[in-house]
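Trainee: Sharing a structure here in structure tokens format.
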Amino acid sequence: MRDDGTPDRRQPGPLRISPPLTVEEGRLELAVARAEQGVCWESVLLLGASEAIQAGRLWHRTAWHLERIALGEVDGDLEAVLAEAGHQRRAFYEAARGDLGVAGILPEVGEAGL
């Protein structure tokens, strides 16, 4: 639950089907997520190796492009950009894991890289 008494759709829990968001609700959720991401990103910038930072920047740029396509602000191939975001997310995770000294590789998750 949020401070204003509305349900927090991002709260973890069992799979549930909720009604779709309105465009304005979606924009609000994106703004909240962007603010949270900005705070977390500061830690990567302060402590991460340059490879992890670069990979993260590429992932963020593609995610931002994906957001703009989804909101109808620009044209683009949603599926292709979504797949690219998945590949770049994986590249960031691999760079961050390497920076942290985590052994092993991430398991494969499908053609789209998601």
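Trainee: Is it the case that GLY13 is modelled with pLDDT under 90, open to solvent by less than 100 Å² (accessible area, probe 1.4 Å) and outside any helix (DSSP H, G or I)?
Mentor: yes
Trainee: Are there any pairs with C-beta distances below 7 angstrom linking a residue in the range 65-84 that is in contact (Cβ under 8 Å) with a residue 12 or more places away in the chain to a residue that is hydroxyl-bearing (Ser, Thr, Tyr), with the two at least 6 apart or on different chains, and if so which?
Mentor: From residues that are in contact (Cβ under 8 Å) with a residue 12 or more places away in the chain, the pairs are VAL81/THR62; GLU84/THR62.
Trainee: Return the total of residues in the range 76-105 being open to solvent by less than 50 Å² (accessible area, probe 1.4 Å) and not in a helix (DSSP H, G or I).
Mentor: Of the residues in the range 76-105, 1 are open to solvent by less than 50 Å² (accessible area, probe 1.4 Å) and not in a helix (DSSP H, G or I).
Trainee: Can you find, within the range 26-46, the residue that is farthest from the chain's Cα centre (by Cα) among those that are open to solvent by 50 Å² or more (accessible area, probe 1.4 Å) and among the small types (Gly, Ala, Ser)?
Mentor: Among residues in the range 26-46 that are open to solvent by 50 Å² or more (accessible area, probe 1.4 Å) and among the small types (Gly, Ala, Ser), the one farthest from the chain's Cα centre (by Cα) is SER43.
The values are calculated or read from the model by the stated rules, or taken from the named source; none is laboratory data. No experiment lies behind these values; they were computed from the predicted model shown. Ideal geometry is used to build each Cβ from the backbone, glycine not excepted, and the neighbour counts take in all protein chains shown. Remember, those area values only see protein heavy atoms, side chains included, never the ligands or the DNA or RNA. Shrake-Rupley method; radii C 1.70, N 1.55, O 1.52, S 1.80 Å.
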